[in-house]
1. I'd like the full set of residues that are facing chain A (nearest Cβ under 9 Å) and assigned to a helix (DSSP H, G or I), limited to segment B:67-100.
2. With segment B:254-297 as the region, which strands (runs of 3 or more DSSP E) entirely inside it contain at least 3 residues that are closer than 24 Å to B:Phe244 by Cβ?
3. Mind checking which residues of segment B:1-17 are assigned to a loop (DSSP other than H, G, I, E, B) and closer than 28 Å to B:Gln191 by Cα?
4. Looking only at segment B:27-59, filter to residues that are part of a strand (DSSP E or B) and among the β-branched types (Val, Ile, Thr); which one of those is nearest to ligand 2 (Cβ to nearest atom)?
5. For segment B:12-26, what are the residues that are within 16 Å of ligand 2 (Cβ to nearest atom) and closer than 24 Å to B:Leu41 by Cα?
6. Just for segment B:321-359: of the residues that are charged (D, E, K, R) and assigned to a loop (DSSP other than H, G, I, E, B), which one is nearest to the chain's Cα centre (by Cα)?
7. Starting from segment B:38-50, take each residue that is within 14 Å of chain A (Cβ to nearest Cβ) and list its partners that are assigned to a strand (DSSP E or B) and more than 6 Å from ligand 1 (Cβ to nearest atom), counting only C-beta distances under 6 angstrom and pairs at least six apart or across chains.
8. Determine whether A:Leu241 is within 14 Å of chain B (Cβ to nearest Cβ) and either surrounded by fewer than 20 Cβ atoms within 10 Å (Cβ to Cβ) or not basic (Lys, Arg) (or both).
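The values are calculated or read from the model by the stated rules, or taken from the named source; none is laboratory data. Every value quoted in this text rests on a predicted model; they were computed, and no experiment measured them. Heads up, the Cβs are rebuilt from the backbone with ideal geometry, glycines too, and the neighbour counts pull from every protein chain shown.
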Amino acid sequence: MKFDKIKAWLYLLPALVFLAIFMVYPLIDVLIYSAEENYNFASQTFTGIGSENFLFVLSDPYFLQALKNTFILVIITVPLSTGLALLISLGLSSIKTLRHLFQTVYFLPYVTNTLAVGLVFMILFKKTPYSDGLVNVLIKLFGGEAVDFIDGPYAAKMFVMCFYTVWVVLPFKILVLTSALASVNTDYYRAAKVDGTPKWRIFTRITLPMISPMLFYLIITGFIGAFKAYSDAVALFGTNLNEAGMNTIVGYIYDMLYGDSGGYPSYAAAAALILFAIVLTITVINLIVSKKTAINAK
Amino acid sequence: MKIVLKGLTKLFKSRNKDAKEPVVAVKNFDFEIPDGKLIGLLGPSGCGKSTALNLISGLETPTEGKIFFGDEDVTDLQPEFRGVGMVFQNYALYPHLTVRQNITFPLENFKKPNKLTKEQKEERVLNVAKLVEIEDLLERKPSEMSGGQQQRVAIARALAKQPKVLLLDEPLSNLDARLRLQTREEIRRIQRETGLTTVFVTHDQEEAMSISDMIIVMKKGEVQQIGAPQDVYDDPTNLFVATFLGTPPINVFDGRIDGGALYIGSDKISDVDCGVQGKVTVGIRPEGLTISDEGVLNCALKSVEVMGRDTSVVALNENLTSQALRAIVSSENARLAKPDLTFKVNADKLFLFDAESGLRIPFSAKDACKG
Ligand SMILES: Nc1ncnc2c1ncn2[C@@H]1O[C@H](COP(=O)(O)OP(=O)(O)O)[C@@H](O)[C@H]1O
Ligand SMILES: [Mg+2]
C-alpha cells in the first residue's frame, strides 16, 4: 500500500518537476514582479512593494481600451460561435448525402494557419488605393457606402475582428458538437418519434440535455480562448495595435514586455494577474452554472 | 386491435458498399395477429425481427405491402397516429428525467382536442405506475434503478398514452437470468391485465415459448411457422424450426429410408410409411429417447448429468449431426445407463426432414417403435 503510493509519486515526479520549473516558478515570479514598484529592467532595481503597478495599469487608457476590446470580443463571439456551430452541426447531422464533403469544408479553417486566414480577411476587407476589398465591392453593389474595415471606424474594425474570431473557432466547435450529436443513442429519438414528439421539443428536451456537457465544455474553453486573443488581432491590424485601437489584454501584456514601449515587466505582470483574475471568475461562474443545469437536467 | 399484414416486404440497401443486392430484411409477411393476444416474434439475430416490428410501429416504411390495424389501413400513417407503444432493448429512458417525467413525456405531446389536464396526466402516470408496480420509484432517475425496474418504467411509459398495440423489441435481453424470468412473467401479467395486442420480439425461444399465445418463427426475413408454442414445438414444418425450438435442442441424425424402414446407420429405428426412399434427416427430441434393453438406437455413453427432477443422458452416435446426443429421462431410467446403451424412440417425438430442403416429411409409424 505504502510502496504503491511512493511509486505513484515517482511516476508523477518528472511531470511535477517540469510543472514546478515552467509553471509554478514563473507564476511566483509574476506575482513578485507585479508588486515591485518602479522596477528598472536595466539596473534590476525597484523602489518599494505595493499596488502601484495595478493602479497604473488600471488607469492606463491603452489597457482600458484593450479590456474593452477583449470584453466585446468575448461577449459577441462566444455565444455567436457556439450557437452557429450548434446550428451547423444539427444541419450536418440531419443530411445524408455530401455530409463528409461538408464536414471537410467546415473543418478546413481549423487546419489553416492563422496568418493565412488573416491575409484572406485582409483581401476581403482592406481598402487600398487600388481596390476597396471584396466586401466593399459587394456593399457598393447593393448601393451602400464603402467602409474602411481595417483602418476605419471602430465598429467596422470590431466587426471584422469578431467575424474573424468566429470564423477561426467555428470548425473545432462543429467537430465537437457533431460527434456529441452522433453519440446520442438513436433509440431516444425513435422512442420520441413513436410518441409523436414535435421536432422542437425533441431538440430542447432530449438533444440539448444530452449534449449539454459538451456545450458547457465549449463555452468555458471559448471564454478562456477569447480572453487570450492576440494573434488574431495582429493578423488583421498589424503589430501596432494600440495605435489601431484594437489591442487586447494579452496584446497589452506583450507590448509592455517587448513592444516599442516595452521593458516594463511589472506592468505586464500586473495586467497578466488582472487577466488571470477575470478568467478565473468567469470560469468559476461557468462551472457553477453548468453544475446547476446539469443537476436540473439530470 | 388485430393487426393484419399483407405481402409486407422491406428491402434495405446493403451496408456493404460492394454488394449490389439489397438486404431482404422482411419478406412477404402475410398473416394476422389476433386481437388481445401476446405474440412472440422469434428468430435468430439479424433475421429481421426488429425490422418487422419497426414496420408495424411506423418507424420504417415498407418497400411493398400493407399494414392494417383492425380495418384501418395504417401503411402510410406516421408512428404517432398509429397508437402504438414501444419498448426498446436498452429501455431508452431519458437519463436526465425522473421516472415521473419519463412517463409523462408522451402525454405532453397530445394535441388540442386530446390535450390532458395536469390532474389527468398525474392520474394516468399513477395508474400505469401501479400496473407495473413502480409507484414508489417515481422521483428516481433511471440511473438509480436496476435494469428490471428500468424496463418496467419503459413499459409504463409505453402504456401511459393508452396505445392500441404494444410492441416490445428484445425487452429482456439486457437483464440477468433471474430478472429475465421475473420480468417476462411480469410482461405476461401486464398483457393479461390490459388485454393489449402485444408483439414481443426475442431471439430466445424459451422466452417466447413460455409467455406467448402464439409464436411466429422467422429465418432470414421469412416466416417459417406460425402457431401456438406447443403446436409449433410438436409439429415443426421444417428442420430449422425443429432445431430452433427446445432446450436442450433436438438431436439430428443422418438417416435413410430403405424398403419402408428408417435406418440410422445400421440401426433400424422403425417401419415407416411415407413414400420416400433414400437419405433423410432425422430429428428426435431429447424427451423422445429412453434407455431400454429392447432399444433400437445404439450409442456410446458420454456422461450423465443430473438436473433436479430429470436427468440428462449425453451420448455419442456417429450419425449425429447436432452437437452431442441428449436424452432427458427420469432418474430411475438413468440408472440403466451403461457404456454401450440402446435407446427406445418415441415416434411422436421423431421427425423426418428432406435431406436437401429440410422440409418435414410426414409419415405414419408402424407400432414397432411406439413406446
Ligand atoms: N437501416 C438498415 N440499413 C441496412 N440494413 C439494415 C438496416 N436495418 C437492418 N438491416 C439489416 O436487415 C437485417 C435484419 O435486421 P434486424 O431487423 O435488425 O434483425 P433482428 O432484429 O432480427 O436482429 C439484417 O441483416 C440487418 O443487417
Ligand atoms: Mg433486433
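1. The answer is B:Pro79, B:Glu80, B:Phe81.
2. Numbers: elements: B:261-264, B:267-273, B:278-284, B:289-291.
Strands (runs of 3 or more DSSP E) meeting the threshold: B:278-284.
3. Step one: of segment B:1-17, the residues assigned to a loop (DSSP other than H, G, I, E, B) are B:1-2, B:13-17.
Hits for segment B:1-17 are B:Met1, B:Lys2.
4. Step by step, filter segment B:27-59, then rank; the result is B:Ile39.
5. The first filter runs over segment B:12-26 and keeps only residues within 16 Å of ligand 2 (Cβ to nearest atom), leaving B:12, B:15, B:23-26.
The answer is B:Phe12, B:Val23, B:Val24, B:Ala25, B:Val26.
6. Taking segment B:321-359 as the starting set, the residues that turn out to be charged (D, E, K, R) are B:326, B:332, B:335, B:338, B:340, B:344, B:348-349, B:354, B:356.
After this cut, where a residue has to be assigned to a loop (DSSP other than H, G, I, E, B) as well, the list is B:335, B:338, B:356.
Details: B:Arg335: 35, B:Lys338: 37, B:Glu356: 25 Å.
The residue in question is B:Glu356.
7. Short answer, once both residue conditions are applied: B:Ser50/B:Asp169.
8. Numbers: within 14 Å of chain B (Cβ to nearest Cβ): no; either surrounded by fewer than 20 Cβ atoms within 10 Å (Cβ to Cβ) or not basic (Lys, Arg) (or both): yes.
No, not satisfied.
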